[in-house]
Amino acid sequence: MSNQRINREQVLETGRTIIYREGMGALTFPRLAKELNIRSQSLYNYFKNLDDLIGQIGAGFMNELYQLVVESLVGLSGKAAFQKYALVAHDYLENQGRMVELLYHVHNFDQESDFYQAMSKVLDLLHKLVASVKLRHLDAESYVQTLLSSVLGFTFIEVMGFLPKDQQQRDHEFAGLLQLQLSEIKED
(Lines give C-alpha, C1' and ligand atoms only; values in the text may rest on other atoms or scores of the structure.)
Protein backbone atom coordinates (compact mmCIF):
# COMPACT_ATOMS: atom_id res chain seq x y z
CA MET A 1 0.00 0.00 0.00
CA SER A 2 1.03 3.54 -0.67
CA ASN A 3 1.82 6.21 1.88
CA GLN A 4 0.18 8.76 -0.38
CA ARG A 5 -2.16 11.30 1.16
CA ILE A 6 -5.74 11.29 0.02
CA ASN A 7 -8.64 13.49 0.99
CA ARG A 8 -12.37 13.10 1.37
CA GLU A 9 -13.09 14.54 -2.09
CA GLN A 10 -10.77 11.99 -3.73
CA VAL A 11 -12.63 9.19 -1.97
CA LEU A 12 -15.99 10.60 -3.09
CA GLU A 13 -14.83 11.06 -6.67
CA THR A 14 -13.42 7.54 -6.87
CA GLY A 15 -16.66 6.17 -5.42
CA ARG A 16 -18.68 8.13 -7.99
CA THR A 17 -16.50 6.78 -10.78
CA ILE A 18 -17.01 3.18 -9.67
CA ILE A 19 -20.79 3.63 -9.49
CA TYR A 20 -20.89 5.52 -12.81
CA ARG A 21 -19.05 2.74 -14.64
CA GLU A 22 -20.13 -0.42 -12.86
CA GLY A 23 -23.11 0.34 -10.63
CA MET A 24 -23.82 0.30 -6.94
CA GLY A 25 -22.94 -3.36 -6.46
CA ALA A 26 -19.34 -2.70 -7.45
CA LEU A 27 -18.76 -0.13 -4.70
CA THR A 28 -17.23 -1.71 -1.61
CA PHE A 29 -14.61 -0.41 0.79
CA PRO A 30 -12.05 -3.02 -0.33
CA ARG A 31 -12.62 -2.10 -3.99
CA LEU A 32 -12.45 1.61 -3.24
CA ALA A 33 -9.26 1.17 -1.22
CA LYS A 34 -7.69 -0.78 -4.06
CA GLU A 35 -8.55 2.00 -6.53
CA LEU A 36 -7.05 4.59 -4.18
CA ASN A 37 -4.06 2.40 -3.37
CA ILE A 38 -4.71 2.60 0.37
CA ARG A 39 -5.79 0.18 3.09
CA SER A 40 -9.56 -0.20 3.39
CA GLN A 41 -9.38 0.67 7.10
CA SER A 42 -8.15 4.14 6.10
CA LEU A 43 -11.54 4.88 4.54
CA TYR A 44 -13.05 4.99 8.03
CA ASN A 45 -11.11 8.23 8.55
CA TYR A 46 -13.46 9.82 6.01
CA PHE A 47 -16.75 7.90 6.30
CA LYS A 48 -18.45 5.94 9.08
CA ASN A 49 -19.27 3.09 6.72
CA LEU A 50 -20.26 2.33 3.13
CA ASP A 51 -23.78 3.70 3.64
CA ASP A 52 -22.31 7.00 4.83
CA LEU A 53 -20.22 7.17 1.65
CA ILE A 54 -23.18 6.27 -0.57
CA GLY A 55 -25.31 8.87 1.20
CA GLN A 56 -22.76 11.57 0.51
CA ILE A 57 -22.39 10.53 -3.13
CA GLY A 58 -26.19 10.50 -3.45
CA ALA A 59 -26.50 13.94 -1.85
CA GLY A 60 -23.95 15.38 -4.26
CA PHE A 61 -25.71 13.70 -7.19
CA MET A 62 -29.09 15.18 -6.25
CA ASN A 63 -27.70 18.61 -5.31
CA GLU A 64 -26.10 18.84 -8.75
CA LEU A 65 -29.43 17.99 -10.40
CA TYR A 66 -31.24 20.55 -8.24
CA GLN A 67 -28.78 23.28 -9.17
CA LEU A 68 -29.10 22.50 -12.89
CA VAL A 69 -32.90 22.53 -12.72
CA VAL A 70 -33.07 25.77 -10.72
CA GLU A 71 -30.69 27.55 -13.11
CA SER A 72 -32.68 26.36 -16.12
CA LEU A 73 -36.03 27.56 -14.75
CA VAL A 74 -35.10 31.21 -14.39
CA GLY A 75 -37.72 33.29 -16.21
CA LEU A 76 -39.98 30.32 -17.01
CA SER A 77 -43.47 29.45 -15.78
CA GLY A 78 -46.38 27.18 -16.67
CA LYS A 79 -45.85 24.48 -19.27
CA ALA A 80 -42.49 25.90 -20.30
CA ALA A 81 -41.18 25.46 -16.74
CA PHE A 82 -42.47 21.88 -16.53
CA GLN A 83 -40.98 21.03 -19.88
CA LYS A 84 -37.61 22.47 -18.90
CA TYR A 85 -37.66 20.67 -15.53
CA ALA A 86 -38.36 17.34 -17.24
CA LEU A 87 -35.82 17.86 -20.02
CA VAL A 88 -33.03 18.91 -17.66
CA ALA A 89 -33.76 16.03 -15.27
CA HIS A 90 -33.91 13.53 -18.13
CA ASP A 91 -30.71 14.79 -19.78
CA TYR A 92 -28.85 14.83 -16.47
CA LEU A 93 -29.92 11.33 -15.46
CA GLU A 94 -29.35 9.94 -18.95
CA ASN A 95 -25.76 11.16 -18.91
CA GLN A 96 -24.87 9.90 -15.44
CA GLY A 97 -24.21 6.29 -16.40
CA ARG A 98 -25.18 3.90 -13.65
CA MET A 99 -25.30 6.68 -11.06
CA VAL A 100 -29.08 6.63 -11.49
CA GLU A 101 -29.02 3.44 -9.40
CA LEU A 102 -28.52 5.74 -6.41
CA LEU A 103 -32.19 6.71 -6.67
CA TYR A 104 -33.18 3.15 -5.87
CA HIS A 105 -31.42 3.47 -2.51
CA VAL A 106 -32.67 6.81 -1.18
CA HIS A 107 -35.44 5.03 0.75
CA ASN A 108 -32.75 3.29 2.82
CA PHE A 109 -31.70 6.62 4.31
CA ASP A 110 -33.17 8.51 7.22
CA GLN A 111 -35.31 11.52 6.30
CA GLU A 112 -32.77 13.75 8.03
CA SER A 113 -29.88 12.47 5.92
CA ASP A 114 -28.20 14.73 3.37
CA PHE A 115 -29.16 12.34 0.57
CA TYR A 116 -32.85 12.28 1.48
CA GLN A 117 -32.90 16.06 1.97
CA ALA A 118 -31.25 16.66 -1.41
CA MET A 119 -33.81 14.40 -3.10
CA SER A 120 -36.59 16.25 -1.28
CA LYS A 121 -35.38 19.59 -2.65
CA VAL A 122 -35.69 18.29 -6.21
CA LEU A 123 -39.19 16.97 -5.53
CA ASP A 124 -40.29 20.07 -3.61
CA LEU A 125 -39.40 22.17 -6.61
CA LEU A 126 -41.70 20.04 -8.75
CA HIS A 127 -44.49 20.41 -6.17
CA LYS A 128 -44.08 24.20 -6.33
CA LEU A 129 -44.37 24.12 -10.10
CA VAL A 130 -47.57 22.06 -9.87
CA ALA A 131 -49.04 24.48 -7.33
CA SER A 132 -48.53 27.32 -9.81
CA VAL A 133 -50.72 25.86 -12.59
CA LYS A 134 -54.24 24.59 -13.12
CA LEU A 135 -54.65 20.96 -14.10
CA ARG A 136 -57.36 19.51 -16.34
CA HIS A 137 -58.23 16.25 -14.55
CA LEU A 138 -55.69 15.21 -11.93
CA ASP A 139 -55.13 16.52 -8.43
CA ALA A 140 -51.70 18.01 -7.79
CA GLU A 141 -50.22 14.98 -6.00
CA SER A 142 -51.40 12.56 -8.69
CA TYR A 143 -49.89 14.78 -11.36
CA VAL A 144 -46.54 14.91 -9.56
CA GLN A 145 -46.56 11.11 -9.29
CA THR A 146 -47.41 10.57 -12.96
CA LEU A 147 -44.78 13.06 -14.12
CA LEU A 148 -42.12 11.51 -11.90
CA SER A 149 -43.09 8.00 -12.97
CA SER A 150 -42.99 8.94 -16.63
CA VAL A 151 -39.71 10.85 -16.64
CA LEU A 152 -37.84 8.56 -14.23
CA GLY A 153 -39.35 5.39 -15.66
CA PHE A 154 -38.43 6.34 -19.21
CA THR A 155 -34.93 7.34 -18.12
CA PHE A 156 -34.32 4.14 -16.14
CA ILE A 157 -35.47 1.98 -19.04
CA GLU A 158 -33.30 4.06 -21.37
CA VAL A 159 -30.19 3.77 -19.19
CA MET A 160 -30.73 0.01 -18.87
CA GLY A 161 -30.64 -0.24 -22.68
CA PHE A 162 -34.23 -1.33 -23.33
CA LEU A 163 -35.09 1.51 -25.70
CA PRO A 164 -33.96 1.97 -29.31
CA LYS A 165 -30.21 2.53 -29.65
CA ASP A 166 -30.76 5.50 -31.95
CA GLN A 167 -30.52 8.70 -29.86
CA GLN A 168 -32.82 10.67 -32.17
CA GLN A 169 -35.50 7.99 -31.88
CA ARG A 170 -35.24 7.97 -28.07
CA ASP A 171 -35.39 11.77 -27.98
CA HIS A 172 -38.48 11.69 -30.18
CA GLU A 173 -40.16 9.12 -27.92
CA PHE A 174 -39.32 11.13 -24.81
CA ALA A 175 -40.70 14.30 -26.42
CA GLY A 176 -43.97 12.46 -27.12
CA LEU A 177 -44.17 11.23 -23.54
CA LEU A 178 -43.49 14.72 -22.25
CA GLN A 179 -46.16 16.27 -24.49
CA LEU A 180 -48.67 13.78 -23.13
CA GLN A 181 -47.78 14.84 -19.58
CA LEU A 182 -47.91 18.53 -20.44
CA SER A 183 -51.37 18.19 -21.99
CA GLU A 184 -52.75 17.87 -18.43
CA ILE A 185 -51.82 21.52 -17.74
CA LYS A 186 -54.52 24.04 -18.66
CA GLU A 187 -53.43 26.94 -20.83
CA ASP A 188 -53.32 30.32 -19.07
With respect to the numbered conditions (1) farther than 16 Å from residue 103 by Cβ; (2) at pLDDT below 95, which one is the sole condition not fulfilled by residue 22? (2)
Taking into account only those residues within segment 115-138 that are over 17 Å from residue 71 (Cα atoms) and among the β-branched types (Val, Ile, Thr), which is nearest to the chain's Cα centre (by Cα)? 130
I'd like the residue in segment 1-26 that is in contact (Cβ under 8 Å) with a residue 40 or more places away in the chain, in contact with a Lys or Arg (Cβ under 7 Å, 6 or more places away or on another chain) and not charged (D, E, K, R) and, out of all such residues, is nearest to residue 93 (Cα to Cα). 20
Taking the condition of being in a loop (DSSP other than H, G, I, E, B) and without any contact (Cβ under 8 Å) to a residue 40 or more places away in the chain, how many residues in segment 80-96 meet it? 1
Any residue in segment 54-77 that is under 26 Å from residue 8 (Cβ atoms) and in contact (Cβ under 8 Å) with a residue 60 or more places away in the chain sitting within a Cβ distance under 7 Å of a residue that is assigned to a helix (DSSP H, G or I) and among the charged types (D, E, K, R)? List the pairs, counting only those 6 or more apart or interchain. 55/114
Over segment 106-137, the set of residues in contact (Cβ under 8 Å) with a residue 24 or more places away in the chain and either exposed (fewer than 15 other Cβ atoms within 10 Å of the Cβ) or touching a strand residue (DSSP E or B) at 6+ places or on another chain (Cβ under 7 Å) (or both) is 108, 123, 132, 133, 134, 135, 136, 137
Output the number of the condition that residue 41 fails; it satisfies all remaining conditions of (1) assigned by TED's automatic domain parsing to the domain that holds residue 23; (2) touching a strand residue (DSSP E or B) at 6+ places or on another chain (Cβ under 7 Å). (2)
Segments classed as helices (runs of 4 or more DSSP H), wholly inside segment 97-188, with at least 1 members that are β-branched (Val, Ile, Thr) and touching a helix residue (DSSP H, G or I) at 6+ places or on another chain (Cβ under 8 Å): 114-131, 140-159
Among (1) within 23 Å of residue 55 (Cα to Cα); (2) at pLDDT 95 or above, where does residue 106 come up short? (2)
Return the residues of segment 27-53 that are in contact (Cβ under 8 Å) with a residue 40 or more places away in the chain and aliphatic (A, V, I, L, M); say none if nothing qualifies. 53
Is segment 60-71 home to any residue that is surrounded by 15 or more Cβ atoms within 10 Å (Cβ to Cβ) and more than 23 Å from the chain's Cα centre (by Cα)? no
With the checklist (1) surrounded by 15 or more Cβ atoms within 10 Å (Cβ to Cβ); (2) touching a residue at least 40 places away in the same chain (Cβ under 8 Å) in hand, flag the one item residue 170 doesn't pass. (2)
Does any residue of segment 37-44 turn out to be part of a helix (DSSP H, G or I) and within 23 Å of the chain's Cα centre (by Cα)? no
Among 43, 103, 87, 93, which is the only one that is farther than 19 Å from residue 156 by Cα and surrounded by 15 or more Cβ atoms within 10 Å (Cβ to Cβ)? 43
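The values are calculated or read from the model by the stated rules, or taken from the named source; none is laboratory data. As the structure is a prediction and not an experimental result, all values here were calculated from the model. All Cβ positions, even for glycine, are placed from backbone atoms using ideal geometry, and neighbour counts span all protein chains on display.
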